[in-house]
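To start, the structure itself, in structure tokens.
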Amino acid sequence: MPNKVVSPGKVKKESGEHALTSAVHAVAQPRATRVVDVFVRLLEGLGVTHAFGCTGGTIALFCEALAQSNVQVAQCRHESGAAFAAAEAFFATGHVTVVFTTSGPSILNALNGLMAARTEGAKVILVSGSTPPRQRGRGAFQETSTRTLPRSVFTKGSIFDYAIDLVDPEDLDEAARALEEGLAGKSGFVAHVALPSSVQGHPFEPRAAVAGSHSRTTLRGEDAAALAATLRSEPFGIWVGFGAREDADLVRAFAERAGAPVIASPRGRGIMPENHPLFVGVTGLASPSDCGHAVAARRLKRMVVLGSRLGEFTSLWDERLVPEGGIVQVDVDAEVPRAFPQRPRLLIRAEIRDFLTAMLEHWGSPVAAAPHLASTFGETPPASCRPGPVRPQLLMATLQRVVVEAGARLLVDCGNCFAWANTHLRFNAPRYRVSLGWGSMGQATAGVIGAAMTSTDRCVALVGDGAMLMQNELSTAVKYGVPAVWVVLNDAQYGMIEQGMRAGHLEPVETQIPRVDFVALAESVGARGISVREEREVDAALRAAMSATGPFVVDVHISRDELAPIRSRVAALETQGVGKIDE
């Protein structure tokens, strides 16, 4: 079967080229069933449809087996870009994805994107090549083992939910069981399977499939009834986060039945339509509304948190957001951090869908909603165009009309572009992606190809010029005809650092970047683009990008005079005490 590298209706079919040597083909055909053949069939059985990575010598046999499967393979330009793409492909489809790397530096390059995947709650399996056991400790080229890399790369811990160095083919049963059980949960799961090159081609007779076991944590009937009665007795609010994105229908139904006001984390935007009368506003960095004031004004007694860890960029640890009665936090993870240790917390270990279903079942008649208190969302966008560089406020207003309201998926990189987007855009559906935990520059610049390759939605990345220079997969998008769009906020500087240091009364250090022509950069690798230097050009440029059939870059020269709404982040750093030693 030829290498399938495309999604139906989205990406052009690759010509069947393989990054394999003739020597590998000579060994592989004809052949007995090998470890890699069985392992690839296992990955297909786990639901893998897409794999992203960089091929090399120690992973060549696995890549050949992958190419002969039904998995669609994308050869990326950098391993971190591959990992970002895999994470966003998961969020676009809900299907576990694979990242493949060769040994040594290739594995380390992928770790940044894999840390982002784990922090964001993606389901991704890293499959890497490693040094054969007999060659370890002998100075092998790019030696890959616990002798040369941190043990955390090969063990369960801060990077991986599960990891195995598969030095014995018989360990494949253990790996199959662990992967199946780990992926069965609703929480994210990032795993690493290291395949020594000597093991990959080893003959192997597959055994019967291992049946996975996964127990769901649910509310018992009497507990659900008691909790519903408690919540009905006093006014409460709902704080919705990214983990509730698949249960948007139930979130809205519960809020309407309970008459409860809803606030959203930046990653949870669109789960509750933002034009709904019960929607109050967005929390965290660059929030367009003062949710702390709104919570206090409604005199709430408790806050029900659905699918959020309430981290710093989500909550800024604003105590006004948590009423005196504390938090009812619904999560399947017993180790979810306690973001507000000074407030009472009841942790309900349950799937969000199970919790909401139980609450609706035991709720009874609807509760009248409190009088609607309108929230103020950001500034009024500019009413007309002006000469000179583009004001980010006008760009956001145009993005709202041309991109968001057209139903596109919008991926926003970290930095000032996130601050502008979070303040000025509105979402009535969960098609917004931003990373607030790991916060790696370049997640959107590279991740957009994973979203675009696997989604039927138009996928647009809003990124800064610094991020675009740091990490992008434009060349990969050209190779596979990925119809992704990059909108680059080009101000020839690291804007958040420049403006943030000045806001903190510091002198910026080397924040300026030589001006880059991103259209020329795009065209140099075969993509198309438009340069926007005047506000009157913004609308037409975005519409051209949305109608393009291949990768497209919109290079927007934005005004340096407009200060991004990042003061809350600067204030938080000042509160934490930059330069102080924690007591």
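The values are calculated or read from the model by the stated rules, or taken from the named source; none is laboratory data. Bear in mind that the values here come from a model prediction, so they are computed numbers and not experimental data. Cβ: placed from backbone, ideal geometry, glycine included. Neighbour counts: every protein chain shown. These area figures cover heavy atoms from the full protein model, side chains too; ligands, DNA and RNA do not enter into them. Shrake-Rupley method; radii C 1.70, N 1.55, O 1.52, S 1.80 Å.
Enter the angle in degrees (range 0 to 90, nearest 10) between the Cα long axis of helix 248-258 and the first principal axis of the Cα atoms of the chain, meaning the one along which they spread out most.
Roughly 30 degrees, rounded to the nearest 10.
Given the range 216-290, report the % of alpha carbon pairs whose separation exceeds 16 Å.
Value for the range 216-290 (Cα pairs over 16 Å): 54 percent.
Cβ neighbours within 10 Å, averaged per peptide: list 486-497, 506-517 in order, most packed at the top.
Answer by packing, highest mean first, reads 486-497, 506-517.
Using a 1.4 Å probe over the heavy atoms of the protein chains, calculate the carbon and sulfur portion of the accessible area of the range 105-206 as a whole percent.
It is 49 percent, rounded to a whole number.
What list of ³J(HN,Hα) values in whole Hz, one per residue of the range 329-338 in order, does the Karplus curve 6.51 cos²θ - 1.76 cosθ + 1.60 (θ = phi - 60°) give from phi, with Gly and Pro shown as x?
Using θ = phi - 60°, the values come out as 9, 9, 7, 7, 8, 6, 9, 4, x, 9 Hz.
Loop only per DSSP, at most 10 neighbouring Cβ atoms within 10 Å: give me the trypsin sites (Lys or Arg not before Pro) in the range 218-273, ordered by residue number. It would help to have the intermediate numbers written out before the result.
Working: sites: R220, R232, R245, R252, R257, R267, R269; in loops: R220, R269.
Of the trypsin sites (Lys or Arg not before Pro), the ones in loops of the range 218-273 whose Cβ has at most 10 other Cβ atoms within 10 Å are R220.
Which cross-chain or sequence-distant (5 or more) residues have an amide H under 5 Å from the amide H of L126, H modelled 1.01 Å from N in plane?
Sorted by chain and number, the residues that satisfy this are V99, A191, H192, V193.
Would you please give the residues with an amide H less than 5 Å from that of L462, counting only those at least 5 places away or on a separate chain, with H modeled from the backbone geometry?
Answer set, sorted by chain and number: L411, V412, D413, V487.
Could you please report the charge total around D171, scoring K, R as +1 and D, E as -1 over all other residues with beta-carbon less than 11 angstrom from its beta-carbon?
-4
Compute the normalised compactness of the range 123-257: alpha-carbon radius of gyration over 2.2 N^0.38 Å, N being the residue count.
It is 1.57.
Would you kindly calculate the mean projected area, averaged across all directions, of the convex hull enclosing the Cα atoms of the range 330-460, in square nanometres?
Directional mean of the projected Cα hull area for the range 330-460 stands at 12.8 nm².
Looking at the chain, send over the antiparallel percent of its DSSP beta bridges, to the nearest 5.
Roughly 5 percent of the beta bridges in the chain run antiparallel, per DSSP.
State whether the range 52-123 is rounded, prolate or oblate according to the following rule on the C-alpha gyration tensor (a ≥ b ≥ c being the square roots of its eigenvalues): a/c under 1.5 gives rounded; otherwise a/b larger than b/c gives prolate, and the remaining case gives oblate.
Here the range 52-123 falls in the oblate category.
Which whole-number percentage describes the relative contact order of the chain, with Cα contacts under 8 Å and a sequence gap of 6 or more?
Once divided by the residue count of the chain, the mean separation gives 13 percent.
Give me the tail of P(r) for the range 237-376 as a percent: Cα-Cα pairs with distance above 22 Å.
When all Cα pairs of the range 237-376 are counted, 30 percent exceed 22 Å.
Can you give the convex hull volume of the alpha carbon atoms of the range 396-511 per residue, in Å³?
Per residue, the Cα convex hull of the range 396-511 comes to 112 Å³.
If you take the Cα atoms of the range 463-565, find Rg, then find the Kirkwood Rh from the mean of 1/r over all pairs, what is Rg/Rh?
1.02
So what are the ³J(HN,Hα) numbers for the range 90-105, from phi and the Karplus equation (6.51, -1.76, 1.60; θ = phi - 60°), rounded to whole Hz, Gly and Pro as x?
Values per residue, Gly and Pro as x: 4, 5, 7, 10, x, 9, 4, 10, 10, 10, 10, 9, 8, 7, x, x Hz.
In a shell of Cβ-Cβ distance under 13 Å around A520, excluding A520 itself, what net charge do Lys and Arg (+1) and Asp and Glu (-1) give?
-1
Please determine, in degrees from 0 to 90 and to the nearest 10, the orientation of helix 35-45 with respect to the longest principal axis defined by the Cα atoms of the chain, where the helix direction is its Cα long axis.
30 degrees
What per residue convex hull volume, in Å³, do the alpha-carbon atoms of the chain yield?
Expressed per residue, the convex hull around the Cα atoms of the chain is 165 Å³.
Do any trypsin sites (Lys or Arg not before Pro) in the range 126-158 lie in a DSSP loop with no more than 13 other beta carbon atoms within 10 Å, and if so, which?
R138, R147
Remind me, relative contact order of the range 317-464 in percent, using alpha carbon pairs under 8 angstrom and six or more residues apart?
Relative contact order here is 18 percent.
Could you order the peptides 360-367, 403-410, 456-463 from most to least packed, using the average number of other C-beta atoms within 10 Å per residue?
In descending order of packing, they fall as 456-463, 403-410, 360-367.
List every residue whose amide H lies under 5 Å from the amide H of H50, counting only residues 5 or more places away in sequence or on a different chain, with H placed 1.01 Å from N in the peptide plane.
Result for H50 returns Q72, V98.
What translational D, rounded to a whole number of µm²/s, comes out for the range 278-325 from Stokes-Einstein when the hydrodynamic radius is the Kirkwood one over Cα pairs, at 20 °C and 1.002 mPa s?
193 µm²/s
For the chain, find the longest principal axis of its Cα atoms and tell me its angle to the long axis of helix 221-233, 0 to 90°, nearest 10.
30 degrees
Let me test this: with uniform point scatterers at the alpha carbons of the range 67-180, what is the Debye-based log₁₀ I(q)/I(0) at q = 0.13, 0.24 1/Å?
-0.51, -1.53
In the chain, if the dipole is taken from +1 on Lys/Arg beta carbons and -1 on Asp/Glu beta carbons about the Cα centre, which of G388, C63, T549 is farthest to the positive end?
T549
Which ³J(HN,Hα) values in Hz, rounded to whole numbers, follow from the phi angles of the range 486-501 under the Karplus curve 6.51 cos²θ - 1.76 cosθ + 1.60, where θ = phi - 60° and Gly and Pro get x?
So the Karplus estimates, Gly and Pro as x, are 10, 9, 9, 7, 9, 10, 6, 6, 7, x, 5, 5, 4, 6, x, 5 Hz.
List the chymotrypsin sites (Phe, Trp or Tyr not before Pro) within the range 126-210 that fall in a DSSP loop (any state other than H, G, I, E or B) and whose Cβ has at most 16 other Cβ atoms within 10 Å.
Answer by residue number: F141.
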